[in-house]
1. Six or more apart or on different chains, Cβ atoms under 6 Å: show the pairs whose first residue is in the range 200-212 and closer than 18 Å to W320 by Cα and outside any loop (DSSP other than H, G, I, E, B) and whose second is within 16 Å of ligand 1 (Cβ to nearest atom) and of a type in the set (V, I, T).
2. Looking only at the range 48-71, decide whether some residue is under 19 Å from W319 (Cα atoms), within 13 Å of ligand 1 (Cβ to nearest atom) and acidic (D, E).
3. Which of the numbered conditions does M291 fail, given that it passes all the others? Conditions: (1) free of Cβ contacts under 8 Å to residues at least 40 places away in the same chain; (2) within 20 Å of the chain's Cα centre (by Cα).
4. Find all pairs meeting these conditions: Cβ atoms under 8 angstrom apart; at least six residues apart or on different chains; first residue within the range 173-186 and farther than 18 Å from H148 by Cβ and more than 11 Å from ligand 2 (Cβ to nearest atom); second residue of a type in the set (F, W, Y) and in a strand (DSSP E or B).
5. I want to confirm something. Restricting to the range 138-189 and keeping residues that are outside any loop (DSSP other than H, G, I, E, B) and charged (D, E, K, R), which single residue is surrounded by the fewest Cβ atoms within 10 Å (Cβ to Cβ)?
6. Filter the range 105-120 down to the residues that are within 20 Å of the chain's Cα centre (by Cα) and in contact (Cβ under 8 Å) with a residue 60 or more places away in the chain, then identify the one that is farthest from ligand 2 (Cβ to nearest atom).
Amino acid sequence: MKILVTGGAGFIGSNFVFYMMEKHPDYDIVVLDKLTYAGNLETLESVMKNPHFKFVKADIADRDAVFDLFEQEKFDVVVNFAAESHVDRSIEDPGLFLTTNILGTQVLMDACRKYGIGRYHQVSTDEVYGDLPLDRTDLFFTEETPIHTSSPYSASKASADLLVQAYHRTFGLPVTISRCSNNYGPYHFPEKLIPLIISRALADESLPVYGTGENVRDWLYVEDHCAAINRILEDGREGEVYNIGGHNERTNLQVVKTILKQLGKPESLITFVTDRAGHDLRYAIDPAKMMNELGWQPTTTFDEGIRRTVEWYLDNESWWKSIISGDYQNYYERMYAER
Ligand code: NAD
Ligand code: TYD
């Protein structure tokens with residue numbers, strides 16, 4: 001079995017590589033990654049020398065590079081994690097999101113059509129469903145919830161999903177799509193809420209909370225997401241969408257306070273800043289299909305996951321410090337100076 005993992009030098013992609021190499025040590029895994037600001041080869045250091053692993057630096061939207069790789073490698077399965085993934089950046093520069101997230105998906109699927117493939121899996125997000133009201137805790141996103149996007153990021157991911165479904169219907173491409181809730185865990189880039197709060201709190205810096213901090217996200221430990229994708233590859237039905245989540249809804253303020261408590265840092269570090277434009281209120285996944293059809297269950301509770309994540313950031317300071325000392329510092333200034 002030879003699997004192409006695109007975006008494997010990023011947060012979830014790298015965790016998926018580690019998960020799959022442990023679960024299926026005989027599989028061959030090729031990571032294709034453009035190494036944007038979010039991709040980090042250091043993350044993959046522990047597998048670089050494994051004879052079942054190979055890294056290729058390329059852009060999923062580069063048709064020649066992608067087709068050349070497919071010609072050489074003859075993949076059985078493609079799992080597409082590669083994406084521009086940060087909502088705030090998509091508000092600043094939507095164009096790049098359309099190129100990578102939509103056109104890149106098209107290029108990958110065209111290569112799958114030309115060279116043949118057992119399965120193309122699209123890693124999507126619950127953000128394609130838009131948001132739910134804060135006062136309707138009885139409502140959840142199911143696979144039948146209409147697509148209704150809020151940000152250029154979610155619009156680009158939804159567009160890619162529609163294209164994946166079109167390639168299934170029109171060309172018979174064997175596809176599956178997963179839509180997961182917010183992930184957290186090791187190797188999470190420190191521009192996203194949880195690692196941003198951990199890294200800034202450790203430096204006793206102010207912690208920017210958008211708006212009132214009452215927005216709700218449904219958090220899943222990254223390894224549980226990886227296990228769910230593995231189950232979809234094994235037994236998921238072609239053409240189907242699977243929602244992934246573990247019923248772990250928390251307000252942003254609750255998340256920040258949990259982290260502060262674990263680090264022994266004061267809540268006075270919290271600073272309320274101008275809200276994100278178009279800020280989605282609440283995400284909440286109904287994972288019944290994953291559970292009933294594929295027998296998947298999340299295994300890590302939020303408390304345990306946060307404890308492990310904070311410990312990981314404490315034990316791996318060099319990983320994230322080298323990131324925030326570089327270009328990311330300019331990003332922080334740009335994004336938060338006026339807030
Ligand atoms: P990330 O930003 O940490 O990693 C993205 C990776 O893709 C990086 O390694 C980057 O270098 C690479 N990449 C970007 N553009 C590329 C291109 N044009 N060609 C090749 N590689 C490119 O993102 P993540 O949080 O790991 O998310 C991975 C996927 O999971 C994305 O598709 C995202 O939409 C989806 N997702 C994320 C979450 C979450 O909470 N982080 C939740 C649900 C779904
Ligand atoms: P984020 O990690 O960017 O994920 P997403 O927007 O894709 O859900 O943000 C999670 C939540 O935290 C979201 O409601 C926005 C909020 N947030 C802050 O309050 N402050 C911040 O500095 C960041 C990055 C996010």
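The values are calculated or read from the model by the stated rules, or taken from the named source; none is laboratory data. Treat the numbers as computed from the prediction; the structure is a model and nothing was measured. Ideal geometry is used to build each Cβ from the backbone, glycine not excepted, and the neighbour counts take in all protein chains shown.
1. Close Cβ pairs satisfying both conditions: L207/I197.
2. no
3. With (1) free of Cβ contacts under 8 Å to residues at least 40 places away in the same chain; (2) within 20 Å of the chain's Cα centre (by Cα) applied to M291, the lone miss is (2).
4. Sorted first by the residue in the range 173-186, then by its partner, the pairs are L173/Y120; P174/Y120; V175/Y120; T176/Y120; T176/Y242; S178/Y242; G185/Y221.
5. Among residues in the range 138-189 that are outside any loop (DSSP other than H, G, I, E, B) and charged (D, E, K, R), the one surrounded by the fewest Cβ atoms within 10 Å (Cβ to Cβ) is R169.
6. R119
Conditions (1) within 23 Å of Q165 (Cα to Cα); (2) within 19 Å of the chain's Cα centre (by Cα), marked per residue:
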| residue | (1), (2) |
| --- | --- |
| L220 | no, yes |
| N230 | yes, yes |
| N248 | no, yes |
| L260 | no, no |
| L263 | no, no |
| E267 | no, no |
| R276 | no, no |
| D286 | yes, yes |
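Each row is one residue, and each column tells you yes or no for (1) among the hydroxyl-bearing types (S, T, Y); (2) at pLDDT 95 or above; (3) closer than 30 Å to E338 by Cα.
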residue: Y27; (1), (2), (3): yes, yes, no
residue: A61; (1), (2), (3): no, yes, no
residue: A65; (1), (2), (3): no, yes, no
residue: L69; (1), (2), (3): no, yes, no
residue: V77; (1), (2), (3): no, yes, no
residue: F81; (1), (2), (3): no, yes, no
residue: G95; (1), (2), (3): no, yes, yes
residue: T99; (1), (2), (3): yes, yes, yes
residue: I102; (1), (2), (3): no, yes, no
